[in-house]
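First comes the structure, then the notes that go with it.
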Amino acid sequence: MSALLDVRGLEVRYGGIVALRGIDFRVEEGEIVALLGANGAGKTTTLRAISGLLPIRAGEIFFGETNLRKHTADAIARLGIAHVPEGRRVFTRMTVRENLELGGYAVSSRRDLEARIDETLAIFPRLRERIAQRAGTLSGGEQQMLAIGRGLVARPRLLVLDEPSLGLAPLIAAQIFEVLRDIHSRGTTIVLVEQNAHAALALADRGYVLRNGEIARNDTAANLARDPAVVAAYLGGE
Amino acid sequence: MSLLELAGVSKRFGALTAVSNVTLDVEEGAIFGIIGPNGAGKSTLFNLLTAIYRFDEGSISIGGTSIAGLTTQRIARLGVARTFQNLRLFGNASALANVMVGEHLLLHANIIDSLLDTARERRERAEAERRARELLRFVGIAGVDEHFARNLSYGTQRRLEIARALAARPRLLLLDEPAAGLNPSEKQDLLALIRAIRDTGATVLLIEHDMGLVMNLCERIAVLDYGEKIAEGTPSEIREHPRVIEAYLGAPT
Amino acid sequence: MHEFLAQLANGVELGAIYALIALGYTLVYGILELINFAHGDVYTFGSFTALVVLVALRAANLLHGAGLILGIVAALVVAILACALLNAGIERLAYRRLRKAPRLAPLITAIGVSFMLENLIELWQGAAPVPFPNVIPNPELEIGALQVGVQQIVVVALAIATMIALHFFVKRSRLGKAMRAVAQDRDASSLVGIDVDRTIAITFLIAGALAGVAGFVGGVSFGSAWFLNGFGAGLRAFTAAVLGGIGNIAGAMLGGFLIGLLESFSTWFIGGQWSNVAVFSVLILVLVFRPSGLLGESLPEKV
Amino acid sequence: MRSPRIAALAALLLLAAPLSACSSGPAPASTTIGIGVDLPLSGADASVGTSTLDGIKLAVDRANAQGVPGGFTFAVQALDDTQQGVHNPQQGASNVRTLIADDSVLAIIGPYNSNVAAAEIPITNQAGIVQISPSAVSDGLTLGKDAAMLRRANPGVKTFFRVCTTDSRQGSAAARFALDLKLKRVYIVDDNETYGLDLANVFARDFAKLGGIVLGRDHIAPDTQDFKALLLKIKGYKPDFIFFGGTTSTGGGLLRRQMFDVGMGKVAFMGGDGIPDIAEVAKKRADGTYYTVAAPNADLLPAAKQFVTAYKAKFGSDVGPYSANAYAATQVAISAIEQAIVANGKKMPTRAQVLAKIPNSAKNEVLTPIGPISFDKNGDVRKPVISLYAIRNGRSAFIEQLNLSE
Amino acid sequence: MIYAYAFVAIAACVAIERFHNRKAKIAIALALAAFLAVGPRFYGNEAVFSILADAAVYVMLALGLNIVVGFAGLLDLGYAAFFAIGAYTYGMLASPQFGLHLPFWALLFLAAALAALFGALLGAPTLRLHGDYLAIVTLGFGEIVPQIFQNLTKYTGGPNGIAALDVPTFFGHSFGASVMPYYYIALVGIALALWISRNLRESRLGRSWMAIREDELAAKHAGIDVLRAKLAAFAIGASFSGIGGVLFAAKLALVSPDLFGFQVSVLIVSMLVLGGMGNIVGVVVGSLLLTIVNSALLPQINSLVDASFHTTLDLSNIHFLIYGAILVGIMLFRPEGLLPNRERRAELHHAGEAEAEA
């Protein structure tokens, strides 16, 4: 079985500082994979390198058969990776509809685009109520829904999420995770960076733990959630 | 005796109430923690304390002085220093220079001194530099003095920011998620550092997500949710508090 | 009253030209945060291309009857295309490499490009002002107390039509949305599949096209083209863009018309030599009280 | 970090080294006499500057072709006094110093602008080198206390001459011409620059003195293209004509052109010797323009016709507004140098010897395309003649001329 | 000749920048100072030292603007206004214009004070503006000031300006018509300006500016009175320009409004950016280089090229093209300037990688 995403020896630097020192990981078609780790461990850097926002110093990233190294961020997006960045990064001065339309930027047929937007709005009924509002006026949770929805309009093969529950009230965060489960059940593969390790491991099939730019652990979600060291470091409590 | 008193403080952004009717007393010499979910209004509260935002209702006083209408730099003069959730160092300047900026209020050289490099300017500069090096040692990053702040590792930057805040010899130190992104051993060092800071006489108010650190360090903790204070007490009280578990800590797995 | 209306009409005409140029500044600023000092010279280039086409057509004796309309359209189209390509070329050669350079580097480059363009236009068309053919017949029409020339109506109509077209393009079209998206958040834009480089290039194309329209209507309105025209017009137009709130399309239009009216009325009331002083004094006053311009949004700093 | 810095150093070297080598290299052959020129050759004034320079080149070429006593040849050394595109007194002063530092330069033609001249006169005065301006018209350069102040380094010596007339002569003549033409009510506009403002001032004063009615005055701001606001205002005064102080490129051309846009096409337009080329900008709309020139009727002067023909043949373009003046100024300088060579036994003369040969009376007048030239004690043209021209059917037509007494 | 002097000066500056040994730096600086002071006895003429004196004035201006833009990070596009204020101070108070003949030396101080005052007056209401908005306000101010001088004909001589300004005296000795006194004064001026620039950079005020430039909010939290520090930068920067203006006016013995237009402000900003903003030595190199290009190379380019290559090529009509190409070329290949300061170099190094994981 070939991996949907195959990262080999990925190295990224900021100026003189090594942010990622040779990361290997794989995501199989249909999986949900969680990346865990402290702030600054390299999770976001990994996601940004995958989606082409950061130059790769060494290593390869394969998306199916395609080597992403030669592609720019927009081309990677068009290949079918939707990256929902940290902090949502919705286009605050545009309406919800416009944001969703931009999510389907690569879709040329107007009817197809409308169908996709409808489909996304079905997943997020809240967004339908706010369709003509400017994204900047939405609450944090609604913005997160919009950010994910914007990614979904592209009908990605791989959905990459960076801290989807960040700054959300627990109830809303739970809703988001519910939606992710739903999206996954419709066949989308997901890579997830999440501070709320409880929720992330509850959702994921497998998990990687990053520390100082390296993969420290790699196991099934269930095993990780049971591991006392992981619990101590990332799941809180004494 | 209370160093910091908040009474019925509210802050609204348009329709959103970010801080709602918060009352808080922080004793002189305490280490006081504020926790709560992201977006609960913790950072907004800090921003009200340093006049980045103006509060809409209530009153805030520091050492008995009301800060209503004061500017950020006036509040700094009252002895308030802070760090930021997303580090705000002077990236293109040496670590030493960063700390020396922190000493701004301790120095008296005026424009003329600065223009002409007078004896006072030189004396103060030498003194400031000495103190700055000392502080870098105090926070545990001696030896990085000449490095540019932006080139330092994340943990070092966190400490450098604390050193800069300490340089003003604050009575009240506000730390916004100081442990964010630190590994467990760095967190242990941080814990010791914050205690050492308190032992110099400063009062510490911190926002933190890391429960281990907060529970170990703080004498009292306030919990915010949706801008409201839902609980306040000792660490053990907070740990047991049903609303806190519901809103923030979550049911134990 | 009579003169008031006449001055008003003139101010609107002048403002329409400034607004068109201001839009180019504001589009580019919106997307790159770059004050494109060369933009005024692209406007000049537009005037000259239109002029050259008209002169050639007149020499070939093609400018009468239906040929006149076609000739005017041809001159306009050529000016638009030429300016669009020129502006995009400038971006490609002079600005793209500097996307990540210190902030002032592209500004100085823009100034350098402006000098080069002025000199190249001078080499092409000479250092003396060149008369712009009077192609549009200009009988005066009386509308109530208002006397306006046909030419004036054409200039204002063309400018406003262009602005409306731009408005719909930016608001509705796919590319327009991409432009707005890139202006707001380059990374997020590339994450939804927008080619940022291409979108920036297209923004320069459009800004250039607007300068082309401005060059044409400016030539018609002022009756001549001169290689240094871009400096003064560019300065006023840029002021207009800032006055309206830089990066804001409606603001640029509003600012343009305000500057035009201000120039017209300050000439009337306090004398032509004070018009620049008036324009810039108003600018300073407005910014002191509305630091983000008339329609600009001030976003609170995120801590 | 090392290599880019070295690269920068190398770049500087490359820029500086060859130039420093050549500029300090051997002086040109001693048989060459330099005619120094200081004019605005780039930027806003480039069009007048270059056509003025062409007049100088033509005169020098002709002198060389005719043969110079002592086997010398003349060479033009032209320096540009613009900085960042604007004529600049500081640059002018600097250029004049550079020219003076070159011993082979025996005379300087220029500058174009009066404020540049004000910065240069003290320097040429001190150096004792002949300087002839084709176009600097401000009164204070040669007349009165102001001029004396400019010559304070060397009060006894007058080195500055000009073949153009002064603002005051031209302005008063224009006032008289206007009344001759039965134009009584004037609105005066100027470009708010040295030449234009002074001309407008004198015109306003003398026109009122002679009984004309000055309805109002206005100045225009630099970089202005729209004059309709101003013209709409003027229209309300119903003037017989507009008098413009300035040049075609500082607004004269556009002002005239845009008069038609506001329905003032029938109103006359008048100016000084800054606008003879107005038809090039205003085209047919230039008709109805009157302008003055400080020279006798060119149609009656064979030298003028010859000059125009030769100029067109050499440069393939129309004569610029000050080309003839520049030609005349150069002729005068060359004539003085040639006389000095002869007086010096066909050897290279000194600058003082050249200065002594500058024509100062009817006896040693130099015949030029703008009439016979000799200078009075101030350095202004003796026997000035001011002619009035009108534009008709896009062409200049002589109307009348005024012989001003000394 | 002029190029020889400029070359030596620039080479010395580059050397100072490259050596890390403090003593070596000082030695080179002293050697350069000695060379510039004694050089005129052996080599050069009035024309050369006139241009060098002008260049020195521009170096002073650039050092002043460097305080505003390089140190405090405030983009000022109307700096020439203060230059004009300084020059007109001399023009109006030491000339026949009002019959006032105040001494040159006193006016140096008065002009510095007046320029500083106007700097503060402009700054007070506008320094709250951020980034390019401030740039445009200063640009507007830079447009207004010379036009006011041009329009107030009664007091300023209008477009003609004021000519025949007083010749300064030094203990009763008139400067006469020579440019040498100005050359030496300008050298001393540069030395002072360099000294003050260095003092400021190292001082409490200098650190405040650094903090404001890097992160205004964090600076406020350190107790820095941001508005006051910015006003100080504006005022001090302007006062350099005021002094430069007096020197300029006295040497030229003339002031006129066309000497102080927008193009001059742009020129000085270009000097900074080209040389390497914030870096004192870089600023000196940038301003020397551009002055030489503008005052010597371009005006004389025809005679130079003709003399060296024996052609009669006419290059005067492509001055702007050459000048523009120089600006664009340097920026494309060294966007951080010829001699960037440490900070700037670091910034460039990190450009595009700024968002390190938070």
Does segment D:141-161 include one or more residues that are touching a strand residue (DSSP E or B) at 6+ places or on another chain (Cβ under 7 Å), assigned to a helix (DSSP H, G or I), under 25 Å from D:THR250 (Cα atoms) and at the interface with chain E (Cβ under 10 Å from one of its Cβ atoms)? yes
With a cut-off of at least 2 residues that are over 30 Å from C:ALA128 (Cβ atoms), name the helices (runs of 4 or more DSSP H) lying wholly within segment D:297-395. D:323-343, D:351-356
Of everything in segment D:354-400, what is more than 30 Å from D:GLY271 (Cβ to Cβ) and either surrounded by fewer than 18 Cβ atoms within 10 Å (Cβ to Cβ) or hydroxyl-bearing (Ser, Thr, Tyr) (or both)? Give them in sequence order. D:ALA356, D:ASN360, D:SER361, D:ALA362, D:LYS363, D:ASN364
Any idea which residue in segment E:227-274 is surrounded by the fewest Cβ atoms within 10 Å (Cβ to Cβ), counting only those that are within 14 Å of chain D (Cβ to nearest Cβ) and polar (S, T, N, Q)? E:GLN263
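Being at pLDDT 90 or above and under 28 Å from the mean Cα position of the chain (by Cα) narrows it down to one residue among D:GLY252, D:GLY212; which is it? So that I can check it myself, show each step before the final result.
Values: D:GLY212 fails: under 28 Å from the mean Cα position of the chain (by Cα).
Just a single option satisfies the conditions, and that option is D:GLY252.
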Taking into account only those residues within segment E:74-112 that are among the polar types (S, T, N, Q) and out of contact with any helix residue (DSSP H, G or I) (no Cβ under 6 Å at 6 or more places or on another chain), which is nearest to E:ALA164 (Cα to Cα)? E:SER95
Tell me which residues, restricted to segment C:92-115, are surrounded by fewer than 23 Cβ atoms within 10 Å (Cβ to Cβ), of a type outside the set (A, V, I, L, M) and assigned to a helix (DSSP H, G or I). C:ARG92, C:ARG96, C:ARG97
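For residues that are part of a helix (DSSP H, G or I) and among the basic types (Lys, Arg), scanning just segment A:121-154, find the one that is surrounded by the most Cβ atoms within 10 Å (Cβ to Cβ). Give the steps one after another, and end with the answer.
Our first condition is that a residue be part of a helix (DSSP H, G or I); within segment A:121-154, this holds for A:121-123, A:125-129, A:135-137, A:140-153.
Right, trim to among the basic types (Lys, Arg) and you get A:126, A:128, A:150.
Numbers: A:ARG126: 16, A:ARG128: 14, A:ARG150: 29.
Among those residues, the one meeting the criterion is A:ARG150.
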Among the residues listed as D:ARG256, D:ARG285, the single one being assigned to a helix (DSSP H, G or I), at negative phi, outside the structural domain of D:VAL130 (by TED's automatic domain parsing) and touching a Ser or Thr at 6+ places or on another chain (Cβ under 9 Å): D:ARG256
Is it the case that D:ALA329 is among the aliphatic types (A, V, I, L, M), more than 30 Å from D:ASP180 (Cα to Cα) and free of Cβ contacts under 8 Å to residues at least 24 places away in the same chain? no
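Being modelled with pLDDT under 90, part of a helix (DSSP H, G or I) and away from chain B (no Cβ under 14 Å) narrows it down to one of A:ARG78, A:ARG69, so name that one. Break it down stepwise before answering.
Values: A:ARG78 fails: modelled with pLDDT under 90.
Every option except A:ARG69 fails the conditions.
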May I ask you to list pairs of residues, at least six apart or on different chains, whose Cβ atoms are under 6 Å apart, with the first in segment C:243-268 being within 29 Å of D:HIS219 (Cα to Cα) and the second being crowded, with 24+ Cβ neighbours inside 10 Å and of a type in the set (D, E, K, R)? C:ILE259/C:ARG236
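Looking only at segment E:286-296, which residues are touching an Asp or Glu at 6+ places or on another chain (Cβ under 8 Å) and either at pLDDT 95 or above or facing chain D (nearest Cβ under 8 Å) (or both)?
Restricting attention to segment E:286-296, the residues satisfying the condition of being touching an Asp or Glu at 6+ places or on another chain (Cβ under 8 Å) are E:291, E:295.
Scanning segment E:286-296 gives a single hit, E:SER295.
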Considering residues of segment B:99-112 that are part of a helix (DSSP H, G or I) and buried (at least 22 other Cβ atoms within 10 Å of the Cβ) only, the residue farthest from the other protein chains (Cβ to nearest Cβ): B:VAL99
Take E:ILE224 and decide whether it is under 30 Å from B:GLY91 (Cβ atoms), facing chain B (nearest Cβ under 7 Å) and under 15 Å from the mean Cα position of the chain (by Cα). no
Which numbered condition E:ALA37 fails, given (1) under 17 Å from E:TYR183 (Cβ atoms); (2) of a type in the set (A, V, I, L, M); (3) surrounded by fewer than 19 Cβ atoms within 10 Å (Cβ to Cβ); (4) within 14 Å of chain D (Cβ to nearest Cβ): (4)
Which numbered condition in (1) within 8 Å of another protein chain (Cβ to nearest Cβ); (2) touching a helix residue (DSSP H, G or I) at 6+ places or on another chain (Cβ under 7 Å) is the only one that C:TRP226 fails? (2)
Out of segment B:130-189, which residues are over 26 Å from A:LEU20 (Cα atoms) and in a strand (DSSP E or B)? B:LEU172, B:LEU173, B:LEU174, B:LEU175, B:ASP176
Members of segment D:237-253 that are surrounded by 22 or more Cβ atoms within 10 Å (Cβ to Cβ) and in a loop (DSSP other than H, G, I, E, B): D:PRO239, D:GLY246, D:THR247
Segment E:274-303: number of residues that are β-branched (Val, Ile, Thr) and either outside any helix (DSSP H, G or I) or within 12 Å of the chain's Cα centre (by Cα) (or both): 5
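I need the full set of residues from segment B:22-49 which are β-branched (Val, Ile, Thr) and either in contact with a Lys or Arg (Cβ under 6 Å, 6 or more places away or on another chain) or part of a helix (DSSP H, G or I) (or both), in order please.
Across segment B:22-49, the qualifying residues are B:VAL22, B:ILE31, B:ILE34, B:THR44.
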Among residues of segment E:2-15, those that are more than 20 Å from the chain's Cα centre (by Cα) and crowded, with 19+ Cβ neighbours inside 10 Å, counted: 1
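Residue check: is B:ARG122 without any contact (Cβ under 8 Å) to a residue 12 or more places away in the chain, surrounded by fewer than 22 Cβ atoms within 10 Å (Cβ to Cβ) and not assigned by TED's automatic domain parsing to the domain that holds B:GLU27? Write out each step before concluding.
On the way: without any contact (Cβ under 8 Å) to a residue 12 or more places away in the chain: yes; surrounded by fewer than 22 Cβ atoms within 10 Å (Cβ to Cβ): yes; not assigned by TED's automatic domain parsing to the domain that holds B:GLU27: yes.
Taking the combined requirement at face value, the residue satisfies it.
For segment A:61-107, give me each residue that is polar (S, T, N, Q) and under 24 Å from A:SER165 (Cα atoms). Give the derivation first.
Step one: filter segment A:61-107 for residues polar (S, T, N, Q), giving A:66-67, A:72, A:92, A:95, A:99.
If the condition is that a residue be polar (S, T, N, Q) and under 24 Å from A:SER165 (Cα atoms), then A:THR92, A:THR95, A:ASN99 are the ones that fit.
Which residue out of A:ARG89, A:ARG157, A:ARG126 is under 30 Å from A:HIS198 (Cα atoms), in contact with a Ser or Thr (Cβ under 7 Å, 6 or more places away or on another chain) and basic (Lys, Arg)? Give the derivation first.
Working: A:ARG89 fails: in contact with a Ser or Thr (Cβ under 7 Å, 6 or more places away or on another chain); A:ARG126 fails: in contact with a Ser or Thr (Cβ under 7 Å, 6 or more places away or on another chain).
From the options A:ARG89, A:ARG157, A:ARG126, the qualifying one is A:ARG157.
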From the options C:VAL77, C:VAL12, C:VAL73, residue that is free of Cβ contacts under 8 Å to residues at least 40 places away in the same chain and under 30 Å from D:LEU231 (Cβ atoms): C:VAL73
Taking C:ALA233 as meeting all but one of (1) away from chain D (no Cβ under 14 Å); (2) buried (at least 24 other Cβ atoms within 10 Å of the Cβ); (3) aliphatic (A, V, I, L, M), write down the number of the exception. (1)
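Select from segment C:265-277 the residues that are more than 7 Å from chain E (Cβ to nearest Cβ), crowded, with 20+ Cβ neighbours inside 10 Å and either in a helix (DSSP H, G or I) or among the aliphatic types (A, V, I, L, M) (or both) and list them in ascending order.
Restricting attention to segment C:265-277, the residues satisfying the condition of being more than 7 Å from chain E (Cβ to nearest Cβ) are C:265-272, C:275.
Filter again for crowded, with 20+ Cβ neighbours inside 10 Å, leaving C:266-268, C:271-272, C:275.
Matches in segment C:265-277: C:SER266, C:THR267, C:TRP268, C:GLY272, C:SER275.
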Is it the case that some residue within segment D:164-181 is within 13 Å of another protein chain (Cβ to nearest Cβ) and not acidic (Asp, Glu)? no
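The values are calculated or read from the model by the stated rules, or taken from the named source; none is laboratory data. Nothing here was measured: the structure is a model prediction, and the numbers come from that model. So basically every Cβ, Gly included, is an ideal-geometry build from the backbone, and we count neighbours across all protein chains shown.
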